[in-house]
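The values are calculated or read from the model by the stated rules, or taken from the named source; none is laboratory data. What you see is a predicted model, and the numbers here were worked out from it, not measured in a lab. Cβ placement follows ideal geometry from the backbone for every residue including glycine, while neighbour counts extend to all protein chains displayed.
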Amino acid sequence: MTVDITLIVLMAVFFAAGIYLLLERSLTRVLLGLILLGNGANILLLAMSGGGGRSPLYVSGIAAEDYTDSLPQALILTAIVITFAVTAFMLGIIYRSWVLGRQDVVQDDPEDRRVADQPSYDYEDDADIAADTTEFSDDGSDTSDASDAPSSGAVSADRSGDAR
Amino acid sequence: MIAADLAPLAVVLPFLGAAVTFLLIRHSRAQRAVSITTLSVTLLIEVVMLLAAPAAGTHAVKLGGWEPPFGIVLVVDQFSALMLVVSSAVSLSVLIYAAGQGMADGDEDGPVSIFHPTYLILVAGVSNAFLTGDLFNLYVGFEILLTASYVLMTLGGTAPRIRAGVTYVVVSVVSSMLFLIAIAMIYGATGTVNMADLAVKLEDVDPATQMVLHLMLLVAFGIKAAVFPLSFWLPDSYPTAPAPVTAVFAGLLTKVGVYAMVRVETLLFPGDRINSLLMVVALLTMVVGILGALAQSEIKRLLSFTLVSHIGYMVFGLAISTRIGLGAAVYYVAHHITVQTSLFLVTGLIERRGGTANMDRLGGLARLSPLLGVLFFLPAMNLAGIPPFSGFLGKLGLIQAGVDLGTPLAYLLVAGGVATSLLTLLVMARVWNRAFWRSPADADDPDPILLASKADGTSIGTSRHVTGEDTGKFAGKDPVTLLPRTMTGPTIGLVVLGLALTVLAGPLFALSDDAAQEMLDRTPYIEAVLGPGADR
């Protein structure tokens with residue numbers, strides 16, 4: 001199988017630019033990246049139909065190797081339609097995201113943040129150790145600091161106790 | 001004319017139903033009737049196909065009369081027939097549940113009129129992906145179901161759903177691109193996209209090239225199936241969708257990915273070249289997934305993590321790739337679709353009854369609604385794999401296959417599987433203790449609806465006639481039926497289907513065992529599509 005070098009270079013450029021844009025946080029750029037990736041994949045499909053210069057149409061009597069393979073073109077057409085629909089939908093939700101939050105960036109999941117921030121499950125140990133160290137401390141300047149810590153620890157322990 | 005010739009109807013009927021419901025977009029009652037009828041008829045046809053499948057063997061339907069490998073074929077074998085029946089049964093239950101929710105809330109003219117057509121298109125896409133014998137048609141099937149799922153995921157267009165939808169859409173599109181690139185490369189290497197033809201021709205391809213094509217396909221399907229480390233997107237996006245949508249996504253979409261992986265492993269690239277890799281991946285998926293579930297307090301997110309974790313069991317069976325391992329994986333897929341969907345449906349009910357799905361804020365549900373307790377408890381124990389439920393039987397089959405294989409990695413996988421099962425039990429017990437057993441007063445900041453009482457001081461049951469001030473989400477909508485029969489009914493149906501998988505485990509295991517043998521054999525599939533003797 002012969003492959004057109006221009007198509008391969010073009011595909012590589014599309015993929016490189018597409019992946020670069022995909023890694024951005026701005027949704028519009030992500031979308032542009034997806035479009036480039038889709039086009040890169042289409043060019044790859046086209047390249048897989050063999051080299052150029054052959055008859056695009058089938059005329060009766062023509063030898064099989066003298067006319068171009070039309071299946072990849074059918075596949076590309078289908079893929080283009082799908083990419084088009086997805087692009088339109090993406091534009092829709094990007095616009096919606098802009099209307100709702102006036103922002104065009106990928107946002108963090110608040111629940112993820114909450115789970116990451118939740119206190120460790122050894123809340124009792126943490127609270128007790130903090131309370132113990134204050135008893136052995138003679139230093140007056142530390143107590144103001146330490147009296148804060150155990151009280152907040154105790155509150156969190158109570159809350160978690162309730163949660164059980 | 002045999003039963004398997006009806007296969008195209010499994011795709012065409014939902015599409016027709018989608019067209020009709022789209023025309024009826026202003027008549028929600030008619031929409032409901034049409035979509036439920038369509039899915040019931042589809043299910044009936046698929047049951048007929050499944051019952052005929054063991055006797056008829058693998059059968060290919062040539063669409064438009066085009067001879068393979070040039071035209072598209074739909075292939076019905078025992079595996080695809082089983083998947084079709086389970087998926088349609090589950091999607092029908094979820095549809096009734098969703099329709100019941102709409103009726104109970106009086107959303108007769110709500111913004112969800114787009115739900116029915118989109119849902120039917122989703123079902124058509126899933127059926128197409130299960131049936132197709134053509135790699136590019138599989139891509140199209142994936143795109144049909146994914147595009148429908150984008151719409152369902154962002155239904156209503158609220159800020160959290162848009163946020164989750166963006167992640168979901170981008171990840172899905174990237175995986176589809178990988179799949180498309182893989183198809184292009186496979187076409188370049190072999191000159192065909194017919195799966196049976198590929199099965200014959202890929203053997204002649206250089207082994208290194210084969211490996212590249214194989215891994216490309218597995219990565220693309222791994223993202224869809226949410227296999228670790230490609231599973232990060234799932235717990236982020238699924239929980240924000242409406243409860244019925246999350247339920248059907250959790251039940252079906254990842255399993256379509258698993259189904260595609262099974263076909264790749266058995267039909268296109270047989271052999272055990274990457275089985276060790278798959279075993280490691282299965283182990284990590286199981287363990288990392290369930291550890292993620294331990295950290296959650298939101299029940300929907302927690303279930304999403306158990307979903308990821310239990311995908312690991314299916315990859316486990318696939319990685320063992322002996323007849324018993326693959327058979328157990330097939331059985332496990334059927335079990336998991338049913339159980340995971342019922343758990344998500346029950347969570348939807350919990351959210352209605354308790355006002356939230358955050359278990360820190362829930363309590364006393366077992367007392368407030370014993371039915372809800374039973375409906376959660378049975379699938380939860382089933383998921384954890386407590387004997388005699390189907391989850392136990394599936395895991396037992398997998399463990400037996402692992403022990404039979406007897407390599408150190410297989411034993412490690414068995415140990416990981418048992419540990420994951422225990423951890424699942426721990427996770428489910430935590431939900432049970434908090435949401436169902438403790439007193440509602442012990443909850444952190446409980447929703448008013450949880451503590452609401454009737455005028456005479458008794459706690460409200462399932463319907464809501466509440467006095468006093470309320471700020472719950474149903475405020476101003478009194479009286480609201482909290483647990484309408486149209487929603488509990490389908491949930492009960494699915495839970496019972498999950499139990500039926502246990503009762504019918506004998507014939508079902510025999511069926512999945514046969515299906516596994518057929519797939520490992522490959523000849524029936526190839527000969528059904530290309531004609532006798534095509535397998536050389």
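Quick notes on this structure:
- Residue check for B:His59: of a type outside the set (A, V, I, L, M, F, W, C) and surrounded by fewer than 18 Cβ atoms within 10 Å (Cβ to Cβ): no
- A:Tyr67 at pLDDT 75 or above and either away from every other protein chain (no Cβ under 14 Å) or touching a His at 6+ places or on another chain (Cβ under 9 Å) (or both): yes
- Yes/no for A:Ser26 being farther than 21 Å from A:Ile82 by Cβ, touching a helix residue (DSSP H, G or I) at 6+ places or on another chain (Cβ under 7 Å) and hydroxyl-bearing (Ser, Thr, Tyr): no
- Residue check, A:Gly50 in a helix (DSSP H, G or I) and more than 8 Å from chain B (Cβ to nearest Cβ): no
- The residues listed here are B:Gly133, B:Gly64, B:Gly100, B:Gly125; of these, the one that is small (Gly, Ala, Ser) and at positive phi is B:Gly64.
- Remark: B:Ile114 falls outside the filter, which requires a residue to be at pLDDT 90 or above and either buried (at least 24 other Cβ atoms within 10 Å of the Cβ) or of a type in the set (A, V, I, L, M, F, W, C) (or both).
- Search result, residues across the range A:10-47 that are β-branched (Val, Ile, Thr) and in contact (Cβ under 8 Å) with a residue 40 or more places away in the chain: A:Thr28, A:Val30, A:Ile35
- B:Thr424 vs. criteria among the hydroxyl-bearing types (Ser, Thr, Tyr), modelled with pLDDT of 85 or more and within 30 Å of B:Asp360 (Cβ to Cβ): yes
- Flag: B:Ala196 matches the condition of being over 21 Å from the mean Cα position of the chain (by Cα) and buried (at least 24 other Cβ atoms within 10 Å of the Cβ).
- Near pairs, Cβ below 9 angstrom, 6+ apart or cross-chain, from the range A:71-84 (modelled with pLDDT under 90) to any residue that is loosely packed, with under 15 Cβ neighbours inside 10 Å: A:Leu71/B:Phe70; A:Gln73/A:Pro56
- Total residues in the range A:1-34, condition assigned to a helix (DSSP H, G or I) and surrounded by fewer than 19 Cβ atoms within 10 Å (Cβ to Cβ): 15
- Of the criteria (1) exposed (fewer than 13 other Cβ atoms within 10 Å of the Cβ); (2) within 8 Å of another protein chain (Cβ to nearest Cβ), which one A:Arg102 fails: (2)
- Only one of the listed residues (B:Ser297, B:Ser321, B:Ser304) is among the polar types (S, T, N, Q), within 14 Å of another protein chain (Cβ to nearest Cβ) and surrounded by fewer than 24 Cβ atoms within 10 Å (Cβ to Cβ). That residue is B:Ser297.
- All helices (runs of 4 or more DSSP H) inside the range B:179-273 with 1 or more residues being basic (Lys, Arg) and more than 20 Å from B:Gly141 (Cβ to Cβ): B:195-201
A quick yes/no check of all residues on (1) crowded, with 22+ Cβ neighbours inside 10 Å; (2) under 21 Å from the mean Cα position of the chain (by Cα); (3) in contact (Cβ under 8 Å) with a residue 60 or more places away in the chain:
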site	(1), (2), (3)
B:Leu6	no, no, no
B:Val11	yes, yes, yes
B:Ile25	no, no, yes
B:Val41	no, yes, no
B:Pro54	no, no, yes
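- The requirement of being farther than 21 Å from B:Val281 by Cα and of a type in the set (Ser, Thr, Tyr) is not satisfied by B:Ser421.
- Complete set of residues in the range B:169-185 that are surrounded by 24 or more Cβ atoms within 10 Å (Cβ to Cβ), free of Cβ contacts under 8 Å to residues at least 24 places away in the same chain and of a type outside the set (Val, Ile, Thr): B:Ala184
- For B:Glu203, the conditions (1) modelled with pLDDT under 90; (2) within 12 Å of another protein chain (Cβ to nearest Cβ) are fulfilled apart from (2).
- Inclusion of B:Pro160 among residues that are modelled with pLDDT under 90, crowded, with 24+ Cβ neighbours inside 10 Å and within 10 Å of chain A (Cβ to nearest Cβ) is not warranted.
Listed here are the residues, each with its yes/no results for (1) within 8 Å of chain A (Cβ to nearest Cβ); (2) within 30 Å of B:Arg29 (Cβ to Cβ).
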residue: B:Phe130; (1), (2): no, no
residue: B:Asn137; (1), (2): no, no
residue: B:Met153; (1), (2): no, yes
residue: B:Val169; (1), (2): yes, no
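- Any hit, the range B:365-372, residues being over 21 Å from the mean Cα position of the chain (by Cα), modelled with pLDDT under 85, over 26 Å from B:Gly506 (Cα atoms) and not in a helix (DSSP H, G or I): yes
- Subset of the range B:171-188 (residues that are aliphatic (A, V, I, L, M) and at the interface with chain A (Cβ under 8 Å from one of its Cβ atoms)): B:Val173, B:Val174, B:Met177, B:Leu180, B:Ile181, B:Ile183, B:Ala184, B:Met185
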